[in-house]
Amino acid sequence: MKPVIGINCDYKEEGRYPYSFTYRNYIEAIIAGGGIPLLLPIIKDENDVGQFLQRIDGLVLTGGDDVPPQRYGKERHNKTLCVHPDKDISDNLLVNSAIHMKKPILAICYGTQLVNVICGGSLIQDIPASDMSCIAHKDFGNKQCLHPVKIEERSHLHEIVGVEHLQANSFHHQAIDTLGKGLIATAHTEDGIVEAIELKDYPFIVGVQWHPERMTPDPCHASLFSALVIASK
(Lines give C-alpha, C1' and ligand atoms only; values in the text may rest on other atoms or scores of the structure.)
Protein backbone atom coordinates (compact mmCIF):
# COMPACT_ATOMS: atom_id res chain seq x y z
CA MET A 1 0.00 0.00 0.00
CA LYS A 2 1.30 3.42 -0.91
CA PRO A 3 1.18 6.02 1.88
CA VAL A 4 -1.40 8.78 1.51
CA ILE A 5 0.22 12.21 1.84
CA GLY A 6 -1.98 15.17 2.69
CA ILE A 7 -1.27 18.58 1.14
CA ASN A 8 -2.70 21.67 2.80
CA CYS A 9 -4.43 23.85 0.24
CA ASP A 10 -4.03 27.55 -0.29
CA TYR A 11 -7.19 29.67 -0.30
CA LYS A 12 -8.23 32.73 -2.27
CA GLU A 13 -11.34 34.89 -2.45
CA GLU A 14 -10.91 36.52 -5.85
CA GLY A 15 -13.96 37.31 -7.95
CA ARG A 16 -17.30 35.64 -7.30
CA TYR A 17 -16.12 32.21 -6.30
CA PRO A 18 -13.65 31.54 -3.43
CA TYR A 19 -11.47 28.53 -4.11
CA SER A 20 -8.96 26.16 -2.52
CA PHE A 21 -5.99 25.04 -4.59
CA THR A 22 -2.44 23.78 -4.67
CA TYR A 23 0.23 23.79 -7.36
CA ARG A 24 0.68 20.70 -9.46
CA ASN A 25 4.39 20.31 -8.73
CA TYR A 26 3.65 19.38 -5.09
CA ILE A 27 1.38 16.61 -6.34
CA GLU A 28 3.86 15.35 -8.90
CA ALA A 29 6.72 15.36 -6.36
CA ILE A 30 4.71 13.16 -3.99
CA ILE A 31 3.71 10.75 -6.76
CA ALA A 32 7.32 10.51 -7.95
CA GLY A 33 8.36 9.84 -4.34
CA GLY A 34 6.01 6.86 -4.13
CA GLY A 35 3.04 8.40 -2.32
CA ILE A 36 -0.59 9.20 -3.09
CA PRO A 37 -1.40 12.91 -2.72
CA LEU A 38 -4.63 14.05 -1.07
CA LEU A 39 -5.60 17.73 -1.06
CA LEU A 40 -6.78 19.07 2.29
CA PRO A 41 -9.24 21.98 2.03
CA ILE A 42 -9.85 24.71 4.59
CA ILE A 43 -11.49 23.14 7.66
CA LYS A 44 -12.04 25.08 10.87
CA ASP A 45 -13.48 22.32 13.08
CA GLU A 46 -10.89 20.57 15.25
CA ASN A 47 -12.71 17.24 15.24
CA ASP A 48 -13.01 17.27 11.46
CA VAL A 49 -9.31 18.06 11.13
CA GLY A 50 -8.55 15.12 13.40
CA GLN A 51 -10.62 12.81 11.19
CA PHE A 52 -8.76 14.01 8.12
CA LEU A 53 -5.45 13.29 9.78
CA GLN A 54 -6.54 9.78 10.71
CA ARG A 55 -6.96 9.08 7.00
CA ILE A 56 -3.53 10.25 5.89
CA ASP A 57 -0.08 8.86 6.62
CA GLY A 58 2.05 11.99 6.17
CA LEU A 59 1.70 15.69 5.51
CA VAL A 60 3.25 18.30 3.21
CA LEU A 61 2.86 21.90 4.37
CA THR A 62 3.04 24.07 1.29
CA GLY A 63 4.32 27.57 0.67
CA GLY A 64 2.05 30.60 0.63
CA ASP A 65 1.58 34.04 2.08
CA ASP A 66 2.72 35.07 5.56
CA VAL A 67 1.88 33.87 9.07
CA PRO A 68 -0.11 36.63 10.83
CA PRO A 69 2.41 38.33 13.16
CA GLN A 70 -0.05 38.41 16.06
CA ARG A 71 0.58 34.67 16.22
CA TYR A 72 4.08 35.49 17.53
CA GLY A 73 3.29 38.71 19.36
CA LYS A 74 4.48 41.29 16.82
CA GLU A 75 2.96 44.26 15.05
CA ARG A 76 2.34 43.74 11.36
CA HIS A 77 5.06 45.07 9.05
CA ASN A 78 3.86 46.89 5.94
CA LYS A 79 5.50 44.22 3.77
CA THR A 80 3.68 41.37 5.51
CA LEU A 81 0.93 39.77 3.41
CA CYS A 82 -1.03 37.51 5.74
CA VAL A 83 -2.76 34.31 4.68
CA HIS A 84 -6.55 34.45 4.65
CA PRO A 85 -7.98 34.29 8.21
CA ASP A 86 -9.80 31.01 7.44
CA LYS A 87 -6.57 29.43 6.19
CA ASP A 88 -4.76 30.69 9.28
CA ILE A 89 -7.27 28.95 11.54
CA SER A 90 -7.30 25.78 9.45
CA ASP A 91 -3.51 25.50 9.15
CA ASN A 92 -2.96 26.04 12.86
CA LEU A 93 -5.47 23.33 13.75
CA LEU A 94 -3.92 21.03 11.15
CA VAL A 95 -0.32 21.43 12.30
CA ASN A 96 -1.06 21.34 16.02
CA SER A 97 -3.12 18.16 15.58
CA ALA A 98 -0.58 16.56 13.23
CA ILE A 99 2.26 17.15 15.69
CA HIS A 100 0.13 15.77 18.54
CA MET A 101 -0.53 12.65 16.43
CA LYS A 102 3.18 12.36 15.49
CA LYS A 103 2.46 12.50 11.77
CA PRO A 104 5.51 12.77 9.49
CA ILE A 105 5.70 16.33 8.13
CA LEU A 106 7.64 17.97 5.31
CA ALA A 107 7.24 21.74 5.65
CA ILE A 108 8.08 24.11 2.80
CA CYS A 109 8.63 27.90 2.91
CA TYR A 110 5.51 29.32 4.66
CA GLY A 111 4.97 25.83 6.07
CA THR A 112 8.37 25.96 7.76
CA GLN A 113 7.66 29.39 9.20
CA LEU A 114 4.28 28.14 10.43
CA VAL A 115 5.86 25.19 12.26
CA ASN A 116 8.35 27.56 13.87
CA VAL A 117 5.62 29.90 15.09
CA ILE A 118 3.44 27.04 16.37
CA CYS A 119 6.44 25.82 18.38
CA GLY A 120 6.76 29.29 19.96
CA GLY A 121 9.26 30.94 17.62
CA SER A 122 9.16 34.24 15.76
CA LEU A 123 9.85 35.50 12.24
CA ILE A 124 11.76 38.22 10.45
CA GLN A 125 8.87 39.90 8.66
CA ASP A 126 10.88 41.31 5.76
CA ILE A 127 14.47 40.28 5.09
CA PRO A 128 15.39 43.31 2.90
CA ALA A 129 14.05 45.73 5.52
CA SER A 130 15.99 43.99 8.29
CA ASP A 131 19.42 44.66 6.71
CA MET A 132 20.39 41.15 7.81
CA SER A 133 21.18 39.80 4.37
CA CYS A 134 22.97 40.73 1.18
CA ILE A 135 21.59 37.65 -0.61
CA ALA A 136 18.41 37.86 -2.70
CA HIS A 137 15.97 35.55 -0.89
CA LYS A 138 13.05 36.26 -3.19
CA ASP A 139 12.83 36.26 -6.94
CA PHE A 140 11.88 39.41 -8.80
CA GLY A 141 10.58 39.82 -12.33
CA ASN A 142 10.07 36.04 -12.76
CA LYS A 143 13.81 35.49 -12.46
CA GLN A 144 14.58 32.54 -10.22
CA CYS A 145 17.13 33.24 -7.49
CA LEU A 146 19.54 30.48 -6.54
CA HIS A 147 21.99 30.49 -3.67
CA PRO A 148 24.14 27.94 -1.83
CA VAL A 149 22.90 26.39 1.40
CA LYS A 150 25.16 24.72 3.96
CA ILE A 151 23.64 21.71 5.69
CA GLU A 152 24.65 20.67 9.18
CA GLU A 153 26.32 17.29 9.45
CA ARG A 154 24.59 14.62 11.54
CA SER A 155 21.21 16.25 10.86
CA HIS A 156 18.26 14.36 9.43
CA LEU A 157 18.36 16.68 6.43
CA HIS A 158 22.00 15.77 5.77
CA GLU A 159 21.10 12.09 6.02
CA ILE A 160 18.32 12.57 3.45
CA VAL A 161 20.07 14.68 0.80
CA GLY A 162 23.54 13.20 1.32
CA VAL A 163 25.47 16.44 0.76
CA GLU A 164 26.80 19.30 2.88
CA HIS A 165 26.11 22.00 0.29
CA LEU A 166 23.37 22.41 -2.29
CA GLN A 167 21.89 25.08 -4.52
CA ALA A 168 18.44 26.18 -3.37
CA ASN A 169 15.89 28.41 -5.01
CA SER A 170 14.49 31.34 -3.10
CA PHE A 171 10.92 32.63 -2.98
CA HIS A 172 10.61 34.08 0.52
CA HIS A 173 10.84 37.58 1.96
CA GLN A 174 10.45 36.32 5.54
CA ALA A 175 12.63 33.98 7.59
CA ILE A 176 12.97 32.45 11.01
CA ASP A 177 14.10 34.84 13.73
CA THR A 178 13.83 33.03 17.08
CA LEU A 179 13.64 29.25 16.88
CA GLY A 180 10.62 27.58 18.44
CA LYS A 181 10.89 25.17 21.37
CA GLY A 182 12.56 21.90 20.44
CA LEU A 183 13.52 23.05 16.95
CA ILE A 184 17.07 23.02 15.66
CA ALA A 185 18.43 24.85 12.62
CA THR A 186 19.96 22.36 10.19
CA ALA A 187 20.89 24.58 7.23
CA HIS A 188 21.90 28.21 6.66
CA THR A 189 22.85 30.54 3.86
CA GLU A 190 26.17 32.43 3.98
CA ASP A 191 24.40 35.43 5.53
CA GLY A 192 23.15 33.36 8.46
CA ILE A 193 19.50 33.04 7.41
CA VAL A 194 18.00 29.75 8.64
CA GLU A 195 17.15 27.58 5.63
CA ALA A 196 16.03 24.36 7.34
CA ILE A 197 14.72 23.11 10.69
CA GLU A 198 13.97 19.85 12.45
CA LEU A 199 12.10 19.03 15.64
CA LYS A 200 14.12 17.11 18.19
CA ASP A 201 12.74 13.82 19.52
CA TYR A 202 10.11 13.63 16.80
CA PRO A 203 9.88 10.85 14.19
CA PHE A 204 9.98 13.11 11.10
CA ILE A 205 9.61 16.87 10.81
CA VAL A 206 11.84 18.48 8.23
CA GLY A 207 11.21 22.09 7.23
CA VAL A 208 13.03 23.81 4.38
CA GLN A 209 12.81 27.46 3.42
CA TRP A 210 13.23 26.79 -0.30
CA HIS A 211 10.82 25.05 -2.74
CA PRO A 212 12.18 21.56 -3.46
CA GLU A 213 9.04 20.63 -5.42
CA ARG A 214 10.25 23.03 -8.14
CA MET A 215 13.70 21.40 -8.29
CA THR A 216 12.90 17.67 -8.36
CA PRO A 217 15.10 16.95 -11.41
CA ASP A 218 17.91 17.28 -8.84
CA PRO A 219 17.91 14.06 -6.75
CA CYS A 220 18.83 16.01 -3.59
CA HIS A 221 15.57 17.92 -3.71
CA ALA A 222 13.46 14.97 -4.87
CA SER A 223 14.83 12.92 -1.95
CA LEU A 224 12.91 15.08 0.54
CA PHE A 225 9.62 13.76 -0.82
CA SER A 226 10.72 10.15 -1.02
CA ALA A 227 12.03 10.42 2.57
CA LEU A 228 8.63 11.70 3.71
CA VAL A 229 6.89 8.83 1.92
CA ILE A 230 9.23 6.28 3.53
CA ALA A 231 8.65 7.83 6.97
CA SER A 232 4.89 7.64 6.37
CA LYS A 233 4.77 3.89 5.66
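The values are calculated or read from the model by the stated rules, or taken from the named source; none is laboratory data. Remember, it's a predicted structure, so these values are computed and weren't measured experimentally. So basically every Cβ, Gly included, is an ideal-geometry build from the backbone, and we count neighbours across all protein chains shown. All accessible areas refer to the heavy atoms of the entire protein, side chains included, with ligands and DNA or RNA removed. Shrake-Rupley method; radii C 1.70, N 1.55, O 1.52, S 1.80 Å.
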- Inter-residue pairs, beta-carbon under 9 Å, first under 15 Å from ILE108 (Cα atoms) and in region 156-171, second of a type in the set (Ser, Thr, Tyr), 6+ apart: LEU157/THR186; ALA168/THR189; SER170/THR189
- Any chance region 75-95 includes a residue that's open to solvent by less than 10 Å² (accessible area, probe 1.4 Å), touching a residue at least 40 places away in the same chain (Cβ under 8 Å), over 28 Å from SER170 (Cβ atoms) and touching a strand residue (DSSP E or B) at 6+ places or on another chain (Cβ under 6 Å)? no
- Query: What pairs can you find where one residue is in region 204-218 and at negative phi, the other is acidic (Asp, Glu), and their Cβ atoms are less than 8 Å apart, with a gap of 6+ or different chains?
  - Reply: ILE205/GLU198; VAL206/GLU198; GLY207/GLU198; VAL208/GLU195; GLN209/GLU195; TRP210/GLU195; GLU213/GLU28; THR216/GLU28
- Task: At least 1 residues that are open to solvent by 40 Å² or more (accessible area, probe 1.4 Å) and free of Cβ contacts under 8 Å to residues at least 24 places away in the same chain in each: list the strands (runs of 3 or more DSSP E) lying fully within region 10-59 that qualify.
- Result: 19-21
- Query: In this structure, is ASP66 under 16 Å from the mean Cα position of the chain (by Cα), open to solvent by less than 90 Å² (accessible area, probe 1.4 Å) and among the charged types (D, E, K, R)?
  - Reply: yes
